[in-house]
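Scroll down for the structure; my scribbles are underneath it.
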Amino acid sequence: MDYEIVNLEEKYVVGFLARTNNTSPDMGKIIGGLWQKLYSPDNFGKISDRKNEKALGIYTDYSSNENGDYTVMAAFEVNSKEVQTGFEAGKIPAGRYAKFIVKGNMITAVQEFWQKLWNMDLERSFICDFEEYQNADPENAEIHIYISLK
């Protein structure tokens, strides 16, 4: 898989988060539930101060425990770190990332990417990885995926 190395500045985000791990039978339900909550009519229009309309899937706080738990967040980038009522705030740390561009079906293309990534020899830091959805076309999506590096 092709990628480029990029240096990113810190980004502030607002959305919803949960803890899960890759072996949990509920992982898909948990992550899917965050996206449903983010895009629900009760929440979608209420996130103010957005930098853009690109949705973010963020994976942080990788644990070294046996369970391999991590925090997952469905969010939008915002201009300030102010916590907005009814949402959770977070950040994407500044740093060095491998940037991949994935195109295709929004769900299957991303799943295939992650399966291939685990077999790559990248010097990952496991601090923060994230998906940045460039459009909302479920069948012809373009997703930029950033993997934090040491």
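Bear in mind these aren't lab numbers, they're just calculated from the coordinates by the rules spelled out. Keep in mind that this is a model prediction, so the values were computed, not measured. In this analysis, Cβ positions are derived from the backbone assuming ideal geometry, glycine residues included, and neighbour counts consider all displayed protein chains.
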### Query
Under a point spin-label approximation (7 Å from Cα along Cα-to-Cβ), what is the LEU8-GLU88 distance to one decimal in nm?
1.8 nm
### Query
Once you charge only the Cβ atoms, +1 for Lys and Arg and -1 for Asp and Glu, what is the size of the charge dipole of the chain about its Cα centre, to the nearest 20 debye?
200 debye
### Message
Could you check the spin-label model distance between ASN43 and LYS103? Points 7 Å from the Cα along Cα→Cβ, value in nm.
### Response
3.1 nm
### Debye equation applied to the C-alpha atoms of segment 1-50, log10 I(q)/I(0) at 0.14, 0.22 Å⁻¹
-0.59, -0.90
### Message
What does the net charge come to around THR20 if you take all other residues with beta carbon closer than 10 Å to its beta carbon, with K and R at +1 and D and E at -1?
### Response
0
### Message
Based on alpha-carbon atoms only, what is the radius of gyration of the chain relative to the globular estimate 2.2 N^0.38 Å?
### Response
1.00
